[in-house]
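Report on the following structure.
The values are calculated or read from the model by the stated rules, or taken from the named source; none is laboratory data. Worth saying up front: this structure is predicted, and the values here are computed from it rather than measured. Heads up, the Cβs are rebuilt from the backbone with ideal geometry, glycines too, and the neighbour counts pull from every protein chain shown. For accessibility, only protein heavy atoms count, side chains too; no ligands or nucleic acids. Shrake-Rupley method; radii C 1.70, N 1.55, O 1.52, S 1.80 Å.
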Amino acid sequence: MSDKDAISKEFMQNPVIFADLFNFKIYGGKQVIKPENLTPLDTTAIAIPYGSDGKPFPIQKYRDLLKQVCIKYDERATYVVLGVENQSQVHYAMPPRTMFYDAVQYLNQIATAERLKGGLQTGAEFLSGFGRKDKIFPVATATVYYGTDEWTGPRSLFEMFDDYDPELLQFVQDYRLNLIVPAEIEEEDFPKLHSDLNPLFRFLKHTGSESRLVADFSSDSEFRFVDKTTVDMINVFTDANIPYSQNEERVDMCQAILDIKAHAKAEGFEDGFEDGFEDGFEDGVLKTLTALVSKGLLTVREAAEEAKMTVAEFCAKTGLTERD
């Protein structure tokens with residue numbers, strides 16, 4: 001297992017993160033799925049097809065994460081099985097792969113129902129391994145792409161087909177990915193994320209735009225400080241190399257980004273950064289703070305404090321007045 005696989009699984013195992021992901025994707029940020037209602041499930045998926053000689057040969061796959069949850073709505077409660085597939089790279093056969101996992105989970109539910117019920121009453125039930133009144137739970141899988149670019153692979157089974165007769169395809173079931181790509185999230189949708197997924201996805205989307213990252217983390221006090229596991233995710237998927245002490249419970253992201261820029265300046269590696277930092281580290285910080293004041297996200301006094309200047313010094317360097 002690679003570092004990316006191990007770290008992303010550890011990160012997504014957190015029930016707060018897991019619930020937030022599906023609340024974002026399914027319910028538009030409403031807190032419907034509760035972390036305390038999540039129950040981990042076995043991630044092993046086993047299918048037993050038959051070869052040309054009639055002998056069975058088992059296929060065993062392992063899902064990244066699988067949890068069962070009881071969702072309450074309209075004074076009713078229902079159980080749902082939720083799965084997550086973490087992707088550090090685009091997978092060009094992802095739709096059938098995820099479809100396999102979901103199908104095996106349905107078969108596992110049927111097998112479990114048969115074992116729990118004991119004897120089946122009719123010949124049809126015995127043949128089916130499932131009773132006429134038995135029910136199974138819905139299965140939903142989210143595929144999370146941690147790349148900093150857009151997903152270029154197929155998003156549905158139909159996209160993997162060549163040019164086929166539309167009449168024929170009416171009899172073929174499609175399978176669509178529930179895909180989450182940070183680079184494709186609209187800015188107005190980030191507030192719908194209420195966990196450390198918010199700063200992680202923001203960082204992945206805006207990697208390479210340091211002034212934007214500083215602005216985001218400076219203006220959003222809720223997510224300015226993040227868990228060390230989140231920093232590990234950012235570092236492994238973006239090569240940001242954000243430093244932190246093992247003694248820190250939470251990491252100040254804004255300060256970390258500024259420290260990286262300061263270090264880059266000291267080492268003489270500024271050329272790779274965006275235009276806002278080309279005139280020097282201080283100029284870049286002042287431009288960012290000026291933009292925050294212009295947007296009404298900071299007062300001039302607050303911006304001056306962030307720049308470690310007096311209000312007069314800050315106004316002289318930026319052209320702002322204390323009334324702005």
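Rolling a 1.4 Å probe over the protein chains gives Leu320 an accessible area of about 30 Å². For Thr148, no residue has an amide H sitting under 5 Å from its own, ignoring neighbours fewer than 5 places away on the same chain, with H placed 1.01 Å from N.
Using alpha carbon centroids, what distance separates the stretch 235-260 and the stretch 133-203, in Å? The distance from the Cα centre of the stretch 235-260 to that of the stretch 133-203 comes to 30 Å.
A Förster radius of 51 Å, combined with the Cβ-Cβ distance separating Glu36 from Leu168, puts the computed FRET efficiency at roughly 0.60. The modelled label-to-label distance between Ser209 and Asn241, using points 7 Å beyond Cα along the C-beta direction, is 2.4 nm.
Any idea of the accessible area per residue across the stretch 124-231, 1.4 Å probe, to the nearest Å²? Per residue, the stretch 124-231 has 53 Å² of solvent-accessible surface.
Which pairs break 30 Å Cα to Cα here: Lys9/Lys192; Lys34/Lys308; Lys192/Lys308; Lys34/Lys287; Lys9/Lys308; Lys4/Lys67? In this structure, Lys34/Lys308; Lys192/Lys308; Lys34/Lys287; Lys9/Lys308 exceed 30 Å between Cα atoms.
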